[in-house]
Amino acid sequence: MKKILEKSELLLIIWCIVAAFGTYFCMYAFRKPFTTGLYENYELWGMGYKSILIIAQVFGYMLSKVIGIKVIAELKATSRIWLIIGLIGFAEIALLAFGFVPFPYNFVFLFLNGLPLGMVWGVIFSFLEGRKLTEFLALGLSLNLVMTSGVLKTIYLSLQENFHISEFHLPFVIGLIFLPFFLFFVWMLAQIPPPNEEDLKLRNKRVAMSKADKDQIVREFGIGLVCFIGMYLLMATMRDFRDNFAVEVWREIDPKFNKIIFSEIETTIGLVVVSLIALIAFIRNNFYSYLTFTGMMLIAVVACGGSTWAFQQHLITAKFWMLSLGIGLFLPYLLIQTVVFERLIALFKARGNVGFLVYICDAVGYLGSVVLLVYREFFLKQISFLEVLMTFSYIISGVCFVLLIIQLFYFTNKHLNGRIWWKLTPESEMV
């Protein structure tokens, strides 16, 4: 199969998209379904038990990202498959224990469930990075980050309605259903051949990193990296809050909302966002690509605040607001995960891999999610989920706009160093 994929670029693209999408979709089946449950009659330490569960899992997921800074950066190709199978197996066992260990002790197992899952993205992306069409190949990952949670919410509610399974047992059941599919998609990942000579020429070779490599790449990206980390912190925090409490937000907007709305909105967001990201794959020049995704981000963060204001003024419907907010939020978030560092490494010929830089952002981003959840429970408990979401959208719009302008000046100056951008060499022109 590897030989066949090496000979057909079209087949390789399709294969990578399907393999990445399927594997990450299945990972979400082990991570996200429990957030659809309400756990209304349970409290612990003066907090709603659902918030306790989410904080526990997100804290484990955050630690996974911290561990991943080292593990994913140093990951060798020969270790990928067994690592990803082990991570998912551990997460499913934790869900089994979550269902059978009684309240209030079972929240510990959601921490253990999140602990391995944060590294799955890095393993999958390591199969895709460093290629001339990496952004295109990563469409499967991008689609999952946007739409999968909505689809799984619909599946969760349907299973609960038809089979009356307990909120504590349903997450394990859903994971068990998806386990065979996960193994099949992992087999697909294992068949993907390494980058060819053209890939290496355009995108720079990706390597397992030493401590010296890590120190060097952090110094190389400097202020610009800090800007993207700050931006990712806000985006990841809001994305997680929006996703974890989507049911509560819609109940505040319309108590009689249709459960299908999750799939409708998230699927639409996914198609719009990945279509925009896919366009960047066809820009061969890495600097032009950088300018393009920076422009997309600026428009997106303005849309977060603008659509919220329009909704408050009753100029747009709730559904259109959630759609616009989702696009404005997920486009920059996914660009950082799949495009930004991929192109910056290629642009500056840095020695390293995308996983190291993304996992720094992820570790900080999920720390923000934990802080927001705890802060709301103790200091903003009387404020509705809807109000928190709207307030945060304004913060993101203003702060992220400033951070984007700062990094634009930083990286543009660093790259051009006195040259005029429209006088680049012929071999670096766009196709």
Given the condition surrounded by fewer than 22 Cβ atoms within 10 Å (Cβ to Cβ), over 19 Å from the mean Cα position of the chain (by Cα) and among the small types (Gly, Ala, Ser), answer yes or no: does some residue in segment 168-175 qualify? no
Pick from Leu12, Leu63, Leu83, Leu96: which is modelled with pLDDT of 90 or more, surrounded by 15 or more Cβ atoms within 10 Å (Cβ to Cβ) and over 27 Å from Ala208 (Cα atoms)? Leu96
Top-ranked residue in segment 66-80 [being in a helix (DSSP H, G or I) and in contact (Cβ under 8 Å) with a residue 60 or more places away in the chain; ranked as surrounded by the most Cβ atoms within 10 Å (Cβ to Cβ)]: Gly68
Are any of the residues in segment 263-275 out of contact with any Gly (no Cβ under 9 Å at 6 or more places or on another chain), assigned to a helix (DSSP H, G or I), at pLDDT below 90 and at positive phi? no
Could you check segment 111-128 and list, in sequence order, the residues that are closer than 20 Å to Val58 by Cα and not in a helix (DSSP H, G or I)? Gly118, Met119
It is to be established whether one or more residues within segment 251-265 are among the hydroxyl-bearing types (Ser, Thr, Tyr) and surrounded by fewer than 16 Cβ atoms within 10 Å (Cβ to Cβ). no
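Results for (1) among the β-branched types (Val, Ile, Thr); (2) in a loop (DSSP other than H, G, I, E, B), shown as yes or no for each residue.
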{"residue": "Glu167", "(1), (2)": "no, yes"}
{"residue": "Phe172", "(1), (2)": "no, no"}
{"residue": "Ile177", "(1), (2)": "yes, no"}
{"residue": "Pro193", "(1), (2)": "no, yes"}
{"residue": "Met231", "(1), (2)": "no, no"}
{"residue": "Leu234", "(1), (2)": "no, no"}
{"residue": "Arg251", "(1), (2)": "no, no"}
Residues located in segment 129-160, provided they are at pLDDT 85 or above, over 11 Å from Pro33 (Cβ atoms) and part of a helix (DSSP H, G or I): Thr134, Ser158
Can we say Phe311 is at pLDDT below 90 and farther than 23 Å from Leu202 by Cα? no
Do you know which of the residues in segment 304-324 that are under 16 Å from Val399 (Cα atoms) and surrounded by 20 or more Cβ atoms within 10 Å (Cβ to Cβ) is nearest to the chain's Cα centre (by Cα)? Cys304
Any residue at all in segment 317-336 that's of a type outside the set (Phe, Trp, Tyr), outside any helix (DSSP H, G or I) and more than 22 Å from Lys50 (Cα to Cα)? yes
Matching residues in segment 25-46 (crowded, with 23+ Cβ neighbours inside 10 Å and either charged (D, E, K, R) or closer than 12 Å to Asn144 by Cα (or both)) number 4
Select, from Leu44, Leu5, the only residue that is touching a helix residue (DSSP H, G or I) at 6+ places or on another chain (Cβ under 9 Å) and modelled with pLDDT of 85 or more. Leu5
Within segment 361-372, does at least one residue satisfy the condition of being under 18 Å from Met296 (Cβ atoms) and touching a residue at least 24 places away in the same chain (Cβ under 8 Å)? yes
Quick test for you: out of Pro104, Pro33, pick the one residue that is touching a strand residue (DSSP E or B) at 6+ places or on another chain (Cβ under 7 Å) and not hydrophobic (A, V, I, L, M, F, W, C). Pro104
Give just the number: which of (1) over 22 Å from the mean Cα position of the chain (by Cα); (2) farther than 30 Å from Thr148 by Cα; (3) not β-branched (Val, Ile, Thr) does Gly224 not satisfy? (1)
For Tyr105, which of the numbered conditions (1) surrounded by fewer than 20 Cβ atoms within 10 Å (Cβ to Cβ); (2) touching a Ser or Thr at 6+ places or on another chain (Cβ under 7 Å) fails to hold? (2)
Residues being among the hydrophobic types (A, V, I, L, M, F, W, C), closer than 12 Å to Arg131 by Cβ and in contact with a Leu (Cβ under 7 Å, 6 or more places away or on another chain): count how many of those fall in segment 193-215. 0
Given the conditions (1) surrounded by 21 or more Cβ atoms within 10 Å (Cβ to Cβ); (2) among the basic types (Lys, Arg); (3) in contact (Cβ under 8 Å) with a residue 60 or more places away in the chain, report the number of the one that Lys50 does not fulfil. (3)
Restricting attention to segment 1-38, which residues are touching a Gly at 6+ places or on another chain (Cβ under 7 Å) and part of a loop (DSSP other than H, G, I, E, B)? none
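The values are calculated or read from the model by the stated rules, or taken from the named source; none is laboratory data. Keep in mind that what you see is a predicted model, and the values were worked out from it rather than measured. Every residue, glycine as well, gets a Cβ built from its backbone with ideal geometry; the counts of neighbours run over all protein chains shown.
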